[in-house]
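Comments concern the structure below.
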Amino acid sequence: MSANTDSLFTATDINGVSLRNRFAVAPMTRVSASEDGTATETMARYYERFARGGFGLLVTEGIYTDQAFAQGYLHQPGITDDGQVQAWRRVVDSVHQHGARFFAQLMHAGAISQGNRFRDTTVGPSAVQPKGHQMEFYYGKGAYPAPAAMSEEQIADAIEGFAASAARAVAAGFDGVEIHGANGYLIDQFLTDYANRRDDRWGGDTLRRTALVRAVFEAVRVGVGAGVPVGVRISQGKVNDFTHKWAGREQDAETIFGTLADAGASYIHVTEHKVWEPAFEGGQHSLVALARRYAPHVPLIANGGVQDPARAQEVMAAGADVVALGKVALANSDFPNRIRALQEVAAFDPTILGPIANIKPSELAA
Ligand SMILES: Cc1cc2nc3c(=O)[nH]c(=O)nc-3n(C[C@H](O)[C@H](O)[C@H](O)COP(=O)(O)O)c2cc1C
């Protein structure tokens, strides 16, 4: 590992929040909150390790945003009341102690919720049964039930949930918020042609299907004010449909990334299985390159399959400002420090996520 990695250790800035380097921890759900959605001491110790290990930015696991239909998983943390805010404050403080920045990922599971202590049924843009199967390592089993199509009022409530949670995240001390618009959850369901069959103002062509992400972004921006970074995570693939591709290909990329840029997103976080590969079959450009092209001035976080500094630098050369690491960070909570010290990195061991994906004592031992 002799290549010069200095470019990965330069500082950067997202909406006035400075990051000490280009390494972020990708959002990862670990179902380790208490049953009532309160962040735990285990979580504080888990997140603190990444900050101590040199990461510039941590993005939380997806946090549910309301006490209606948002929760996706049993033992998922929420940020819907004062008790949950106080619990997060403890986690945030332990991260800040080590010089990292911390963004809260705000998530509404929509039709692919598989565990919600507030509701027994699910909602989505349309009454279309989700593809795929529930995730057993998050306490799920079998097919997803068909959701009810959301009413105007339920959509308004969901948007308000994002805005109020974002304000609570700032109250908890988070440096920014990330709207989860990826991976098959509610906002992505609205973006997706086969899941969103609506013919009202929330559905239609690709531009019309961005209506929810625009509305959520605007409400969150009002909720937190101009000084707080508000980013959006975007993907093609979904936890329940890994290989999904946007039917409109590059034109869809232009519509989606252009819309987020016009809305004033503080950053875009793109995730793909291998984020450096061409986004579309037979195409040339990665989703990173397309986001850079159609949102030229918006800071860009790239995630997916990056496991070494050379790949991180390749992704940055394609236009990313920050590279987010998922599984390799689970195996190396001190990944940035190891790279800097020219030490070997450990391989990811998938057994850590079984049988349930909760945080294991062995992860906290080091
Ligand atoms: C255990 C686990 C939990 C995840 N939970 C989330 C999540 O809550 N929100 C999210 O946006 N992505 C989530 N992801 C996806 C990761 O952020 C990331 O996109 C994926 O692991 C690919 O990146 P990697 O190749 O660096 O691991 C999760 C991934 C894993 C492995």
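Check whether at least one residue in segment 332-347 is touching a Pro at 6+ places or on another chain (Cβ under 8 Å) and either of a type outside the set (Lys, Arg) or farther than 24 Å from Thr40 by Cβ (or both), and report yes or no.
Yes, segment 332-347 contains a residue that is touching a Pro at 6+ places or on another chain (Cβ under 8 Å) and either of a type outside the set (Lys, Arg) or farther than 24 Å from Thr40 by Cβ (or both).
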_Qualifying position, being among the β-branched types (Val, Ile, Thr), in contact (Cβ under 8 Å) with a residue 12 or more places away in the chain and within 22 Å of Ala163 (Cβ to Cβ), among Ile112, Ile63_ = Ile63
*Yes or no: Ala111 under 18 Å from the mean Cα position of the chain (by Cα) and within 16 Å of the ligand (Cβ to nearest atom)?*
no
*Of the residues Val275, Val270, Val306, Val288, which is assigned to a helix (DSSP H, G or I), within 16 Å of the ligand (Cβ to nearest atom), touching a strand residue (DSSP E or B) at 6+ places or on another chain (Cβ under 7 Å) and not small (Gly, Ala, Ser)?*
Val288
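From the list Asp252, Asp188, which one is closer than 17 Å to Leu287 by Cα, within 16 Å of the ligand (Cβ to nearest atom), at pLDDT 95 or above and in a helix (DSSP H, G or I)?
Just one listed residue meets the conditions, Asp188.
Can you tell me which residue in segment 135-185 is farthest from the ligand (Cβ to nearest atom), limited to those that are among the charged types (D, E, K, R) and in contact with a helix residue (DSSP H, G or I) (Cβ under 8 Å, 6 or more places away or on another chain)?
We begin by selecting, within segment 135-185, every residue among the charged types (D, E, K, R); these are 136, 141, 152-153, 157, 160, 168, 175, 178.
From what is left, the residues that are in contact with a helix residue (DSSP H, G or I) (Cβ under 8 Å, 6 or more places away or on another chain) are 160, 168.
On the way: Glu160: 22, Arg168: 18 Å.
Here the residue is Glu160.
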*When segment 287-320 is examined, which residues are found to be under 18 Å from Gly258 (Cα atoms) and open to solvent by less than 20 Å² (accessible area, probe 1.4 Å)?*
Leu287, Val288, Leu290, Ala291, Ala295, Val298, Leu300, Ile301, Ala302, Gly319, Ala320
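This table checks each residue for (1) of a type outside the set (Lys, Arg); (2) within 21 Å of Ala324 (Cβ to Cβ).
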| site | (1), (2) |
| --- | --- |
| Arg22 | no, yes |
| Val25 | yes, yes |
| Thr38 | yes, no |
| Glu48 | yes, yes |
| Gly53 | yes, yes |
| Leu57 | yes, yes |
| Glu61 | yes, yes |
*Note down all Cβ pairs under 7 Å where the first residue falls in segment 315-328 and is more than 16 Å from Thr60 (Cβ to Cβ), the second is more than 13 Å from the ligand (Cβ to nearest atom) and assigned to a strand (DSSP E or B), and they're at least six residues apart or on different chains.*
Gly319/Leu300; Ala320/Leu300; Asp321/Thr12; Asp321/Leu300
*Got a sec? Which strands (runs of 3 or more DSSP E) wholly within segment 1-109 have at least 3 residues that are open to solvent by less than 60 Å² (accessible area, probe 1.4 Å) and not aliphatic (A, V, I, L, M)?*
57-64, 101-107
*For segment 285-301, enumerate the residues that are under 15 Å from Ala317 (Cβ atoms) and not hydrophobic (A, V, I, L, M, F, W, C).*
His285, Ser286, Arg292, Arg293
*Which condition breaks for Ile155 when tested against (1) over 18 Å from the mean Cα position of the chain (by Cα); (2) outside any helix (DSSP H, G or I)?*
(2)
_I want to confirm something. Restricting to segment 201-228 and keeping residues that are out of contact with any strand residue (DSSP E or B) (no Cβ under 6 Å at 6 or more places or on another chain) and of a type in the set (Lys, Arg), which single residue is least open to solvent (accessible area, probe 1.4 Å)?_
Arg209
*Confirm whether Met28 is under 15 Å from the mean Cα position of the chain (by Cα), modelled with pLDDT of 95 or more, within 13 Å of the ligand (Cβ to nearest atom) and not aromatic (Phe, Trp, Tyr).*
yes
_Scope segment 130-141; condition open to solvent by 90 Å² or more (accessible area, probe 1.4 Å) and either touching a strand residue (DSSP E or B) at 6+ places or on another chain (Cβ under 7 Å) or on the phi > 0 side of the Ramachandran plot (or both); matching residues_ = Lys131, His133, Tyr139
*Please determine, by comparing only the residues of segment 334-366 that are within 29 Å of Arg292 (Cβ to Cβ) and more than 13 Å from the ligand (Cβ to nearest atom), which one is surrounded by the most Cβ atoms within 10 Å (Cβ to Cβ).*
Pro336
_Taking the criterion of being more than 26 Å from Ala226 (Cβ to Cβ), touching a residue at least 12 places away in the same chain (Cβ under 8 Å) and within 12 Å of the ligand (Cβ to nearest atom), would at least one residue in segment 9-24 satisfy it?_
yes
*Criterion violated by Val323 - all others in (1) more than 30 Å from Tyr139 (Cβ to Cβ); (2) within 10 Å of the ligand (Cβ to nearest atom); (3) surrounded by fewer than 23 Cβ atoms within 10 Å (Cβ to Cβ); (4) not aromatic (Phe, Trp, Tyr) satisfied*: (3)
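The values are calculated or read from the model by the stated rules, or taken from the named source; none is laboratory data. Here the structure is a predicted model, which means the values were calculated and not measured. No Cβ is skipped: glycine too gets one built from the backbone with ideal geometry, and neighbour counts run over all protein chains shown. Surface areas here come from the heavy atoms of the whole protein model, side chains and all, with no ligands, DNA or RNA. Shrake-Rupley method; radii C 1.70, N 1.55, O 1.52, S 1.80 Å.
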